[in-house]
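Undergrad: Here it is: the structure, laid out below.
The values are calculated or read from the model by the stated rules, or taken from the named source; none is laboratory data. From a predicted model like this one, the values you see are computed outputs, not experimental measurements. A quick note on method: Cβ atoms are made from the backbone with ideal geometry, for glycine too, and the neighbour counts reach across all protein chains shown. All accessible areas refer to the heavy atoms of the entire protein, side chains included, with ligands and DNA or RNA removed. Shrake-Rupley method; radii C 1.70, N 1.55, O 1.52, S 1.80 Å.
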Amino acid sequence: MRLNLRSRGGLNFSRRRHRIDRKTVKKIISWLVEIVIVLAVAYALVYSLGMRVTVAESSMAPTLENGDRVLVNRVIYHVQSPKAGDIVAFYPNGNEKSRYYIKRIMGEPGDTIQIQDGVVYVNGDALESANRESIENAGLAEEPVTVGEDEYFVLGDNRNNSEDSRYASIGNVKKEDIAGKVWFQTYPRNSMGRVE
């Protein structure tokens with residue numbers, strides 16, 4: 001009796017060649033391209049809008065408190081110049097080994113800033129509202145300070161507990177030292193939202 005190994009039910013050790021379906025390959029390549037595009041867009045958005053900085057002091061209270069986390073828009077000042085009222089993150093005196101300082105711009109290039117009787121004056125006009133606490137130490141701004149080209153005069157919102165442009169250790173902040181505009185608070189969750 002002979003064994004017929006080539007019969008349908010028998011053993012067959014030869015490899016079958018699988019045909020590659022071109023439609024499936026095109027779908028896989030299409031998915032890979034879409035994934036790469038999505039990752040590139042996500043990276044660009046996070047890099048430009050999502051630099052996270054932790055507030056390390058109470059100089060911006062009550063707007064921002066010590067330990068709050070914020071996102072910084074690093075692209076906006078490549079498109080437009082900083083303006084009065086913006087809250088910015090910057091390295092003091094360009095020292096990249098330092099932590100970021102977060103302050104509010106009070107004076108733009110060409111402005112003259114002076115603090116008299118506890119009130120901030122920009123170009124001779126009183127800037128502070130009546131309900132703001134009087135500034136105890138005018139520092140360098142006791143005399144008129146003219147803001148140079150590509151420089152900004154910054155103050156913390158908590159005027160009496162802030163190291164800012166009133167002090168020689170900070171002075172006017174150069175545009176090149178500004179990392180970007182603080183635009184969104186991410187922590188704590190109950191304070192999450194736009195920063196103004």
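Undergrad: Tally up the residues in segment 172-196 that are in contact with a helix residue (DSSP H, G or I) (Cβ under 9 Å, 6 or more places away or on another chain), open to solvent by 60 Å² or more (accessible area, probe 1.4 Å) and not in a helix (DSSP H, G or I), please.
TA: Within segment 172-196, residues that are in contact with a helix residue (DSSP H, G or I) (Cβ under 9 Å, 6 or more places away or on another chain), open to solvent by 60 Å² or more (accessible area, probe 1.4 Å) and not in a helix (DSSP H, G or I) number 2.
Undergrad: Taking the criterion of being under 28 Å from the mean Cα position of the chain (by Cα) and either modelled with pLDDT of 95 or more or assigned to a strand (DSSP E or B) (or both), would at least one residue in segment 115-128 satisfy it?
TA: Going through segment 115-128, the residues under 28 Å from the mean Cα position of the chain (by Cα) turn out to be 120, 122, 127-128.
From what is left, the residues that are either modelled with pLDDT of 95 or more or assigned to a strand (DSSP E or B) (or both) are 120, 122.
Yes - at least one qualifying residue is present in segment 115-128.
Undergrad: Follow-up. Hey, among the residues in segment 118-161 that are among the polar types (S, T, N, Q), touching a residue at least 12 places away in the same chain (Cβ under 8 Å) and at negative phi, which one's surrounded by the most Cβ atoms within 10 Å (Cβ to Cβ)? So that I can check it myself, show each step before the final result.
TA: Initially, segment 118-161 is screened for residues among the polar types (S, T, N, Q), giving 123, 129, 131, 134, 137, 146, 158, 160-161.
Okay, now just the ones that are also touching a residue at least 12 places away in the same chain (Cβ under 8 Å), so 123, 134, 137, 146, 158, 160-161.
Add one more test, that the residue is at negative phi, and what stays is 134, 137, 146, 158, 160-161.
Numbers: Ser134: 11, Asn137: 13, Thr146: 14, Asn158: 17, Asn160: 12, Asn161: 13.
Applying the filter and picking the extreme gives Asn158.
Undergrad: Between a residue in segment 85-103 that is on the phi > 0 side of the Ramachandran plot and any residue that is open to solvent by less than 10 Å² (accessible area, probe 1.4 Å) and hydrophobic (A, V, I, L, M, F, W, C), which pairs come within a Cβ distance under 7 Å, given they are 6 or more apart or on different chains?
TA: Gly85/Ile105
Undergrad: Which pairs have Cβ atoms under 7 Å, sit 6 or more apart or on different chains, and link a residue in segment 179-196 that is closer than 20 Å to Val46 by Cβ and without any contact (Cβ under 8 Å) to a residue 12 or more places away in the chain to one that is aliphatic (A, V, I, L, M) and surrounded by 11 or more Cβ atoms within 10 Å (Cβ to Cβ)?
TA: none
Undergrad: On to the next question. In this structure, is Glu149 acidic (Asp, Glu) and in a helix (DSSP H, G or I)? Break it down stepwise before answering.
TA: Numbers: acidic (Asp, Glu): yes; in a helix (DSSP H, G or I): no.
So Glu149 does not fit the description; no.
Undergrad: Also, quick follow-up: Looking only at segment 98-114, which residues are closer than 24 Å to Val195 by Cα and either open to solvent by 60 Å² or more (accessible area, probe 1.4 Å) or part of a loop (DSSP other than H, G, I, E, B) (or both)? Before the answer, list the steps.
TA: Our first condition is that a residue be closer than 24 Å to Val195 by Cα; within segment 98-114, this holds for 98-109.
Residues satisfying the conditions are Ser98, Arg99, Tyr100, Glu108, Pro109.
Undergrad: Also, quick follow-up: Report yes if some residue within segment 79-97 is within 24 Å of Asn161 (Cβ to Cβ), of a type in the set (Phe, Trp, Tyr) and either modelled with pLDDT of 90 or more or outside any loop (DSSP other than H, G, I, E, B) (or both); otherwise report no.
TA: Yes, some residue in segment 79-97 is within 24 Å of Asn161 (Cβ to Cβ), of a type in the set (Phe, Trp, Tyr) and either modelled with pLDDT of 90 or more or outside any loop (DSSP other than H, G, I, E, B) (or both).
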